[in-house]
1. Considering only the chain, what is the antiparallel percent among its DSSP beta bridges, to the nearest 5?
2. Along segment 82-88, what does the Karplus equation 6.51 cos²θ - 1.76 cosθ + 1.60 (θ = phi - 60°) give for ³J(HN,Hα), rounded to whole Hz, x for Gly and Pro?
3. May I ask you to list the trypsin sites (Lys or Arg not before Pro) in segment 144-187 that are in a DSSP loop and have at most 13 other Cβ atoms within 10 Å of their Cβ?
4. What is the sum of charges, Lys and Arg at +1 and Asp and Glu at -1, for the other residues whose Cβ falls under 13 Å from the Cβ of L92?
5. Just to confirm a number: summing +1 for Lys and Arg and -1 for Asp and Glu over residues other than S142 whose beta-carbon lies under 13 angstrom from that of S142, what do you get?
6. Please state, to two decimals, what the Cα-based radius of gyration of the chain comes to when divided by 2.2 N^0.38 Å (N = residues).
7. Just I111, I100, I80 to compare: in a GNM of the chain, with alpha carbon springs under 10 Å, which one fluctuates most?
8. Hey, what number do you get for the chain at 222 nm if only DSSP H runs of n ≥ 4 count, each worth -39500 (n - 2.57), divided across all residues, to the nearest 500?
Amino acid sequence: MTKLVSKNDFEELVRALHNDCIVAFPTDTVYGIGVLCSSKTAAERMKCAKQRPETKPFPVMVDSLAQMEEIAQLSARERIIVDRFTPGALTLVLKKKDVIDNGLPTVAVRIPNDLFALKLLEAVGPMYVTSANMSGEPACNSAEEVLKQLDGRIDYIVEGEADSKVASTIIDCTKDELTVLRQGDLKLEDIKKALL
């Protein structure tokens with residue numbers, strides 16, 4: 001049974017995450033569901049909940065550049081991008097450090113521009129966070145929409161509304177040339193201008 005809670009139930013949510021629970025919460029883009037990166041059990045549960053393909057790794061949300069550097073390798077170029085465009089609707093694909101066990105040499109990382117999400121990440125550390133929907137279904141923008149798709153499949157839904165309703169831009173930073181893997185509101189030209 002999925003439990004609806006408010007943002008004021010913060011301590012309960014922190015405890016739940018430490019107990020391998022899956023929590024849905026609004027972000028600056030769409031609704032996300034998340035688990036602690038340190039919990040393999042919870043990550044497996046989240047894959048099952050979404051019916052996500054085994055080969056598709058989860059992106060990670062962090063609260064700061066410092067948390068990002070715990071899990072990924074950043075060059076001077078990436079630090080400039082993080083400094084100029086985060087927190088916000090930008091996901092960077094970076095070479096990962098060994099603390100992330102996703103079967104790949106890379107990890108997709110984002111710092112959300114949402115006070116509640118940042119507070120949660122500051123309290124629990126990096127989280128695997130993906131859109132709160134069944135694989136192949138539309139992303140959700142409200143607690144009600146999440147409940148419709150994922151009731152009984154996840155543990156908690158934080159009441160609220162997502163901010164922009166558009167998923168983040170994903171940029172691959174692992175090669176010399178930056179490439180767009182998914183287009184959101186932020187454009188690659190703007191990022192390149194900031195690097196000049």
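1. 65
2. For segment 82-88, the Karplus-derived couplings read 4, 4, 7, 10, 10, x, x Hz, x marking Gly and Pro.
3. Of the trypsin sites (Lys or Arg not before Pro), the ones in loops of segment 144-187 whose Cβ has at most 13 other Cβ atoms within 10 Å are K165, K175, K187.
4. Net of charged neighbours comes to +4.
5. Counting the neighbours of S142, the net charge comes to -3.
6. Rounded to two decimals, the normalised Rg is 0.97.
7. Highest fluctuation among the options: I80.
8. -9000 deg cm²/dmol
All of the numbers you see were taken from the coordinates with simple rules; none came from a lab. What you are looking at is a predicted structure, and each value in this text was computed from that prediction instead of being measured. Here Cβ is always computed from backbone atoms with ideal geometry, including for glycine, and neighbour counts include all displayed protein chains.
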